[in-house]
Amino acid sequence: MDHRTPGVNRILTAVALSLVLALTATGCAGEESEESRLDEVFVEPTAEPDLLPTEEDLRDRFEGLVTEPYDLLVGTCFNQYRYLDRNDLPAQLTTAIGCTRPHNAQVYAIVINDAPPGAPYPGEEAVNDWGQKQCYDRFEPFVGLVYELSELDIGMITPSRTDWEGENYRRRISCYVFDRNRWLLKTDVEGIGL
């Protein structure tokens, strides 16, 4: 048997309704903060021209310090630019850039295949399969979130046959993160949990 008066019931109903509204508002605020958090991490790239620039045209446009992709260190943010070389063939330029400036990607791990010197190149597919597993295993510890739930994707800089079999036996794979939607990053993503 309920011994509360009708006035108390109205008060309890009002309190319950206030709690529901407060929880709903908190949920919405959480969504807004998630949106603003994404705005702090990603920036929409400017539209690319229909035609690739030439190397000369690109010099006026690129940002950062021109570097070899294999020289990028863990934590380094970088951009990659495509252009047409002097023979009108597609080429790529890599620049290291500060992580607070808009950039394409960030190196989060470097792994070295333990094949002995002189071992034949196993083929692009085998190198990629091995590298993908290594990069996947190192993704969550760097980003702070499992790959499947992240806004980020995994990319790799892998050795070519010439690198693998050359005198320096370059067996290094650089794992990097980039936005799944190809937006630019504008912050260091280590431990970001996105």
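The values are calculated or read from the model by the stated rules, or taken from the named source; none is laboratory data. All figures in this text were calculated on a predicted structure; none of them were measured in a lab. Reconstructed Cβ throughout: ideal geometry from the backbone, glycine too, with neighbour counts over all protein chains shown.
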Counting only residues in segment 134-155 that are acidic (Asp, Glu) and in contact with an Asp or Glu (Cβ under 8 Å, 6 or more places away or on another chain), the one surrounded by the fewest Cβ atoms within 10 Å (Cβ to Cβ) is identified as ASP153
Checking TRP130 against (1) touching a residue at least 12 places away in the same chain (Cβ under 8 Å); (2) under 17 Å from VAL41 (Cβ atoms), only one condition comes out false. Which one? (2)
Consider ALA115 carefully, then state whether it is in contact (Cβ under 8 Å) with a residue 24 or more places away in the chain, surrounded by fewer than 16 Cβ atoms within 10 Å (Cβ to Cβ) and not in a helix (DSSP H, G or I). yes
Which residue out of ILE192, ILE110 is crowded, with 16+ Cβ neighbours inside 10 Å, outside any loop (DSSP other than H, G, I, E, B) and touching a residue at least 40 places away in the same chain (Cβ under 8 Å)? ILE110
Members of segment 162-175 found to be under 26 Å from PHE139 (Cα atoms) and assigned to a helix (DSSP H, G or I), listed by number: ASP163, TRP164
Which condition number in (1) farther than 19 Å from TYR70 by Cα; (2) without any contact (Cβ under 8 Å) to a residue 40 or more places away in the chain; (3) not aromatic (Phe, Trp, Tyr) is the one that ARG182 fails? (2)
When segment 77-107 is examined, which residues are found to be touching a residue at least 40 places away in the same chain (Cβ under 8 Å) and touching a Phe, Trp or Tyr at 6+ places or on another chain (Cβ under 8 Å)? PHE78, HIS103, ASN104, ALA105, GLN106, VAL107
Exactly one of (1) touching a residue at least 24 places away in the same chain (Cβ under 8 Å); (2) surrounded by fewer than 15 Cβ atoms within 10 Å (Cβ to Cβ); (3) within 17 Å of GLU68 (Cβ to Cβ) is unmet by THR158. Its number? (2)
Among (1) more than 22 Å from ARG182 (Cα to Cα); (2) at pLDDT below 95; (3) in the same structural domain as GLN132 (by TED's automatic domain parsing), ARG61 falls short only on (1)
Looking at the structure I just gave you, is PHE42 modelled with pLDDT under 90, of a type outside the set (S, T, N, Q) and crowded, with 18+ Cβ neighbours inside 10 Å? yes
